[in-house]
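S.K.: This is the structure I have questions about; it appears just below.
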Amino acid sequence: MTSARLPENATASAPATGPAGSSGLGPLGQIALHVSDADRAERFYRDVLGLPLLFRFGNVVFFDCAGVRLMLEGGHECTGKREQFCIYFRVVGIDAIVGALRSRQVYFEREPHLVSKMPDHELWMAFLHDPDGNLLALMEEKR
């Protein structure tokens, strides 16, 4: 896993916190994800991952991810593993959540593992794929 690096002449600053921030950008409102079968994706994200279903309109299914909408748009060809991006879900108690998802037949690539030690917490992650091969992750900041 690689981490993003700033160009040599760039400086890091605090992110914008909303419309008053320097960029005018607020928090993420929605993430769109292409899936091959909207029905299968709806069952996985609702019944297996336990995300609350907001609504469905035809081949488009919307879930709530703690205030951010996840839009799954069905009817797209499945090309296998899709690792150009990853959706990270914040969790508390990563080991217990991985155990619960495994009991629902979710396959994890490896056990939850320490990714980085920060000054005030440890970052732990576990990676899985949805039925279309989209990469998902669970992340916990252990303090």
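Computed from the coordinates by the stated procedures, all read-outs in this text should not be read as laboratory data. Please read all numbers here as calculations on a predicted model, not as lab measurements. Every residue, glycine as well, gets a Cβ built from its backbone with ideal geometry; the counts of neighbours run over all protein chains shown.
S.K.: Would you mind giving the average projected area, over all directions, of the Cα convex hull of segment 65-143 in nm² with one decimal?
M.R.: Numbers: hull surface 25.2 nm².
For segment 65-143, the mean projected area of the Cα convex hull comes to 6.3 nm².
S.K.: Zone of Arg40 (label point 7 Å along Cα→Cβ, backbone N under 19 Å): which residues in segment 62-78?
M.R.: The answer is 62, 71-78, whose backbone nitrogens lie closer than 19 Å to the label point.
S.K.: I need to check one value: relative contact order of segment 30-142, counting alpha carbon pairs closer than 8 Å and at least 6 residues apart, in percent.
M.R.: 26
S.K.: Same structure, new question: With a cut-off of at most 11 other beta carbons within 10 Å, and DSSP calling the residue loop, which trypsin sites (Lys or Arg not before Pro) in segment 48-105 qualify? Please list them.
M.R.: Lys81, Arg104
S.K.: May I ask you to list the GluC sites (Glu not before Pro) in segment 54-143 that are in a DSSP loop and have at most 13 other Cβ atoms within 10 Å of their Cβ?
M.R.: Passing both the DSSP loop test and the Cβ count: Glu77, Glu109.
S.K.: Just flag the chymotrypsin sites (Phe, Trp or Tyr not before Pro) in segment 31-107 sitting in loop per DSSP whose Cβ has no more than 16 other Cβ atoms within 10 Å.
M.R.: In loop regions of segment 31-107 (DSSP not H, G, I, E or B), the sparsely surrounded chymotrypsin sites (Phe, Trp or Tyr not before Pro) are Tyr107.
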